[in-house]
Amino acid sequence: MSLLILVAAFHSGMYANQPESVLWYSQPAKDWHEALPVGNGRLGAMVYGGYASETIQLNEESLWAGCKIDANAEAAPYLAEIQQLLINGDISRALELSAKYLAGDPLRIRSYQSFGELKIDFFDDGVPEAANYRRELNLETGVASVAYELGKTRYTRELFISAPDNAIVLRLTAGGPDKLTFRLSYAREQDATAFPVSENELEIKGQIVDLPKQESSEGGLHMKFGGRIRGMNKGGRLTAVNNAFFVENADEVIFFLTAATDYNFSKLDFDRSIDPSSVCKKILDKLDVRNYADIKDRHVREHSGLMNRMSFTLGTEDTSGLPVDERLQRLKDGATDLSLIALYFQYGRYLLANSSRAPGLLPANLQGIWCKDMQAAWSSDFHTNINIQMNYWPAEVCNLSETVIPFSRLIEALREPGRVTAKKTYNSGGWAMNHLTDPFGRTAISDGVGWGTFPIASSWLVLHQWEHYLYTGDVAYLRDEAYPCMKEAAEFILGFLVKDRNGYLVTAPSNSPENAYRLNEQSFQFSYGATVDIEIITELFRACIRAGKVLKQDDAFRKQLENTLKKLPPIRISKRYNTIQEWIEDYEEVEPGHRHISHLFGLHPGSMITPSTPVLFEGAKKTLERRLSNGGGHTGWSRAWVINFYARLLDGKNAGEHMQALLAKSTLNNLFDTHPPFQIDGNFGGTAGIAEMLLQSHNGELHLLPALPPDWQSGKITGLCARGGWIVDLQWENGVLVSAHIFSKNGGKCNIRYQGKTKTISVKAGEKYAHLAQ
């Protein structure tokens, strides 16, 4: 039997009418966690779909409390003593000094915030029962819609957020003249007002008032924000009054809304020269508001152009005729719904595309772009010890490479404050940051030294820039943006490493994110030379060495990295459990089932633990088994990481079972991931895990169907991307690959692996190659 491999230099990347592209429900959302998300990278909305009254919660990506501040401690004079105490095992004294000298001041950041809500009220009382109700989100078009009947009249609403036109568009229609009478109002819990500026336009003005708060940045009048809502009606009358529009007896009504703040990304700060109201007016003035069809068409063409780069079908049973909440409940009750997995995959792509792309400037935060609160869980921040990284795991492989650009630009912007942290806190050159940041460029230690000391974060972040180069082959990007960030992160490490008692170069202070160990009947997070640090440094130095060779520069620097790599401690296997040690000593974990599994970074997302390192590969298996047997993987994002681990372990059975568990145990009715509470990284990690089961390219080859779950007997996926500029389409039946189409964007050599057999092909742009024997 032979497998046909078609290799070419062109891939259309367009698959219209996706088989699984609609989330639909037969009733309105009961709360925010059932509402449906819409976005364009900068603006977000959550649509509830009510018929007696409607709620649409709004977000603008840069609306954050707080202000820019240098919170770095002047710790450099004390660092050497702290390091030596850690290496000598006097953790308590090291922690005491660190709490006094290392911790940032203020210790905490403030939160990302909701922009407010639109409410549409149709009735005061006597609400009739709606018939033939349907609420849906079309992932292909990016349009959320609601349709229902009251009496003999059919009512419809649709909402989308256009990236080309940078605005939220809401259209209400009824199946007959004079049927639309309602009030649409804007409100925010605090710090904003709305008022008419014409008969058909409301202006929103606000400024965040930060009250004094313990351990947070100073109070005061901080970020300004604004918005505009313009209404257009056919038939009847529309009037702007107070904070609302009153519509009487209209046939059709369309609202155009946009929002802005005075945040200036180039300064990582608000900028009083920016007038949010003027920004919003200019955006709406560019719109031909009387030509709804053109505005919608522009949006759909742009949005579907992103989503239709991939298609995915799984299994033979079509369950799309059932509402998503019913499908999810059936799965929780033990049923199998493979097409729901395909829908979840596309939903993850949808969420990333709509929370991290132009016209937006900032990357996806802990909730993407969708947040209902004034004080969100974990401030809905950019958490840099796994969470923001997980947000971008599906970006390249799932054919949404441009979503990485806001992330990459933030990394680049953080270099300047990160140099201050490197110097003041860690007495080193280069740039460094710790376990979180915000739009104001926080790089200082936050939330406490045990939890928040994570100076390896910058080294982890820049690896995403390296990955962007590996997938795209964009040498200009590598030279101008990625490599300068990577090199400076490596320079920080070179200046930060110290010798331990065995002569190894180690990080100190260090921690294995959020986990703790036991020593002398005490528990500590603070340590030195945590395994995750060594793995990240190894990946970073290897990437810098390769990048320098591509760019033909920095020979001496590459040599220094090569020599330093030889002096790092090895990844050790625990003599007690045969697992990979989480710390440099074989400490006992305080929580063996901890949600973080950072010491397996080298397995995923790193690439240093593979079948070609059999001792570590086996140790990784045992590490995962021990973590899970003690209750690990209990949060949504942690379960998603487990899926990726098992995919890298080539264990399709366990990867598939944990995908099922992610849906059954950590997924809300609108398919948002729950930690709990809602946290979007689990969606992105789950999406990446599905891709990882079907294609891997981290090991210098294209590995086709490396971890196919046994019950995924048939399927087809098109548009997966691989390192080296390859795009891969796969189809399988009865668990066996029947066709693979491999397209090359850049040309070059390609090593292909399937079921233990490999073949190397050399492809020029435009060349086709056929036939690979199984």
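Can you run phi through the Karplus equation (6.51, -1.76, 1.60; θ = phi - 60°) for the stretch 258-265 and list ³J(HN,Hα) in whole Hz, with x for Gly and Pro?
Result, ordered by residue: 9, 9, 7, 10, 9, 6, 10, 4 Hz.
Provide the per-residue ³J(HN,Hα) series for the stretch 168-173, in order, calculated from phi with Karplus coefficients 6.51, -1.76, 1.60 and θ = phi - 60°, each as a whole number of Hz, with x at glycine and proline positions.
8, 10, 10, 10, 10, 9
Suppose all protein chains stay in the model; what accessible area per residue would a 1.4 Å probe give for the chain, in Å²?
Spelled out: the 1.4 Å probe surface of the chain, per residue, equals 35 Å².
Using only the C-alpha atoms of the stretch 82-233, find the volume of their convex hull and express it per residue in Å³.
Expressed per residue, the convex hull around the Cα atoms of the stretch 82-233 is 252 Å³.
Taking H as built 1.01 Å from N, whose amide H comes closer than 5 Å to the amide H of residue 252, not counting residues under 5 places away?
Amide H to amide H, under 5 Å and 5 or more residues apart or across chains, residue 252 pairs with 234.
Specify the longest stretch of the chain that does not include any exposed loop site, a site being one of the GluC sites (Glu not before Pro) with a non-H, G, I, E, B DSSP assignment and at most 14 other Cβ atoms within 10 Å.
So the longest stretch without any such site is 318-520.
Hey, which of these cross-link pairs are over 26 Å Cα-Cα: 119/372; 423/567; 487/566; 234/286; 179/205; 716/757?
179/205
Taking H as built 1.01 Å from N, whose amide H comes closer than 5 Å to the amide H of residue 739, not counting residues under 5 places away?
731
Take the stretch 474-571, compute every pairwise Cα distance, and split them into 5 Å bins from 0; I just need the percent in each bin.
2, 12, 22, 20, 16, 11, 8, 5, 2, 1, 0
222 nm [θ] for the chain, helices only, -39500 (n - 2.57) per DSSP H run of 4+, per residue, to 500?
After summing the helix terms and dividing by residue count, I get -9500 deg cm²/dmol.
Ignoring ligands, DNA and RNA, what percent of the accessible area of the stretch 31-158 is carbon or sulfur (1.4 Å)?
Carbon and sulfur atoms account for 46 percent of the accessible area of the stretch 31-158.
Using a probe of 1.4 angstrom, how much of the accessible area of the stretch 629-774 is carbon and sulfur, in percent?
Carbon and sulfur together cover 47 percent of it.
Give me the percent of the accessible area of the stretch 278-369 that comes from carbon and sulfur atoms, probe 1.4 Å, all protein chains in place.
Carbon and sulfur together cover 47 percent of it.
Could you pull out every one of the aspartates and glutamates with an alpha carbon less than 18 Å from that of residue 764, ignoring same-chain neighbours closer than 8 positions?
The reachable aspartates and glutamates, counting only those whose Cα sits under 18 Å from residue 764, are 474, 701.
Quick one, could you list the DSSP H helices from the chain stretching 18 Å or more along their long axis (Cα atoms) with average Kyte-Doolittle hydropathy of 0.0 or above?
Flagged H segments are 338-353, 483-496, 531-551, 681-694.
Show the residues, 5+ positions off or on another chain, whose built amide H is closer than 5 Å to the amide H of residue 270.
Residues meeting the criterion, in which the H sits 1.01 Å from N, are 68, 264.
Need the list of aspartates and glutamates near residue 296 for cross-linking: C-alpha distance under 15 angstrom, and skip anything on the same chain fewer than eight residues off.
Counting by Cα, and skipping residues close in sequence, residue 296 has these aspartates and glutamates nearby: 140, 158, 165, 288.
Let me check the size of the chain from its C-alpha atoms; what are the radius of gyration and Dmax in Å?
According to the Cα coordinates of the chain, Rg and Dmax are 26.5, 84 Å.
Provide the descending list of Cα extents for the stretch 183-254 along its principal axes, expressed in whole angstroms.
Per principal axis, max minus min of the Cα coordinates gives 55, 17, 17 Å.
The values are calculated or read from the model by the stated rules, or taken from the named source; none is laboratory data. Note that the structure is predicted; figures quoted are calculated from it, not measured. Heads up, the Cβs are rebuilt from the backbone with ideal geometry, glycines too, and the neighbour counts pull from every protein chain shown. Note: areas computed on protein heavy atoms with side chains; ligands, DNA, RNA excluded. Shrake-Rupley method; radii C 1.70, N 1.55, O 1.52, S 1.80 Å.
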